[in-house]
1. Find the percent of Cα-Cα distances in the chain that exceed 43 Å, and round it to a whole number.
2. Taking only protein heavy atoms into account and a 1.4 Å probe, give the accessible area per residue of segment 132-201 in Å².
3. How many angstrom lie between the Cα centre of segment 308-384 and the Cα centre of segment 233-298?
4. In percent, how large is the relative contact order of segment 4-103, given Cα pairs closer than 8 Å and 6 or more residues apart?
5. Take segment 62-114, compute every pairwise Cα distance, and split them into 10 Å bins from 0; I just need the percent in each bin.
6. Work out the P(r) tail for segment 43-195: percent of alpha carbon pairs separated by more than 26 Å, whole number.
7. How much net charge surrounds A393 when only the other residues with a Cβ under 12 Å from the Cβ of A393 are counted, with Lys and Arg +1 and Asp and Glu -1?
8. Just want the answer: with Cβ charges of +1 for Lys and Arg and -1 for Asp and Glu, which residue in C95, V31, P80 is farthest toward the dipole's positive end in segment 4-103?
Amino acid sequence: MFETVLIANRGEIALRVLRACRELGVRTAVVYSAADADSAAVRHADQAIRIGPASSRRSYLNAAAIVEAARQVGAQAVHPGYGFLSEDADFAEICADNGLTFIGPPPAVMAALADKSSARALMSRAGLPLSPGSVAPVPTAAAAAEIAEAVGYPVIVKAAAGGGGRGMTVVRTPGELRRAYTRTRAAAQAAFGDDRVYVERYLTEARHVEVQVLCDSHGNGVHLGTRDCSVQRRHQKLIEEAPAPALPAAVLDTIAETALRGALEVGFVGAGTLEFLVDAEEQFHFLEINCRIQVEHPVTEMVTGIDLVHEQLHIAAGVPLRWRQEEIRLRGVAVECRVNTEDPGRGFVPTPGRLDRFTPPGGPFTRVDTHASAGYVIGPWYDSLLAKVIVWAPDRELALNRLERALDEFDVAGPGMHTTIPFVRRVLDDAAFRKGRYTTGLVDRLLGVPGAAPAQRPTATPAPRPASAATPDVPNRRTR
Ligand code: MV4
């Protein structure tokens, strides 16, 4: 095992990684920006290195400063957390060039999978079912139109360099295609410096189901079952649960086993997540693979009893996988909700500021992952994730009741401060959600977004549309 690991992240995930290191007897060093000098990770780490000003570009995205910090503290490995440099193959390579172990897949595997078009081609070759559409990048608007005609409308134009919902345009009719194609390419060029796009049939009313895998550097792998992450607003997840509900165990097993086969086939190493859409006919389609620890990893930890960050550290240190597939048992149901400092009544605008009161919930089978405490100041520079509340119970009904109980206890207050708790409560109250029969259309329906699909049950009364539903996103948040 490593002697010292450098944690190249902030917020709750920096603390999460720090705790895992400490439990394994690994010394911790954390980098921080000027805005995070008073953070919990800085307080708890064995060493803390200031690497730059608040601006992420000049701190948490500054590869040279991070590598220099690792040299200063004598770290052997770098844990990138999620977001920031966690899926940056160039950073992984810079680490390797400087004799540092990047805690994640080999740089070449990361690069091949970061390109969503290439990931699609690799997974298709490995036998994974894809949503109908192009595998190679689509070179012209005419070629896009041809593919769209073949797979049928609606279609979605996606940037090869995108992912996580960035750089995608839904196209409902042939008349809109040329313009959407041209605009998506231009937007992809501006955002990623890469204008390649591909075209898929757009699957509506599907569920977002993902599979957690662990693969070691000796060709062994296991899957840790599924998570449903369909409750998203503008590709920010709000509620995640494990296992995915209301699907037959045989279907979930097939998806999980197929995902693991794909990961092993492409030489994946580390903790990874394969994303699928599951349609109304219970057919599944590969979307993309994420090469990092994910925000929602705790729900998988709660149903498997396996600490995913421990496993990441062991795998990066070259230790053979410590689990056989038969040893991994899924028990009960875990549900996580994200508590963001945002105002759901005003289009989820971030509400940074001082936390005058902050008392997170407690109680049985209730876990809170947070970096915050009373008096802590949420700055405007980074994402607005304040805390994750995760509960476990033997069955889904009790897990949802337990989450509601935990949210009742959560006391957060400060000047101008709002949280996503009231909106999460509305989801937990929703009849389709309660039954586990919900899709990626759920949040838009609750928000009364025009064109949103009706509820699963056509008799349900639509929620009134809040005045805020059209407020645009604030652009300083990172996608995870
Ligand atoms: C899709 C899709 C439907 N059809 N692709 C969003 C995040 C990224 N990982 C892929 N995503 C999607 N890709 C096809 N061909 C639906 C999603 C999607 C989604 C879309 C609208 C609103 C919420 C969503 C939540 C998860 C996934």
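The values are calculated or read from the model by the stated rules, or taken from the named source; none is laboratory data. Because the structure is a prediction, the values reported are computed rather than measured. Cβ: placed from backbone, ideal geometry, glycine included. Neighbour counts: every protein chain shown. The area values use the complete protein model at the heavy-atom level, side chains included, leaving out ligands, DNA and RNA. Shrake-Rupley method; radii C 1.70, N 1.55, O 1.52, S 1.80 Å.
1. Numbers: 11295 of 114960 pairs.
When all Cα pairs of the chain are counted, 10 percent exceed 43 Å.
2. 47
3. 19
4. On the way: 184 pairs, mean separation 29.3, N = 100.
Answer for segment 4-103 is 29 percent.
5. 27, 60, 12, 1
6. Cα-Cα pairs in segment 43-195 separated by more than 26 Å: 41 percent.
7. Once positives and negatives cancel, what remains is 0.
8. Farthest towards the positive end: V31.
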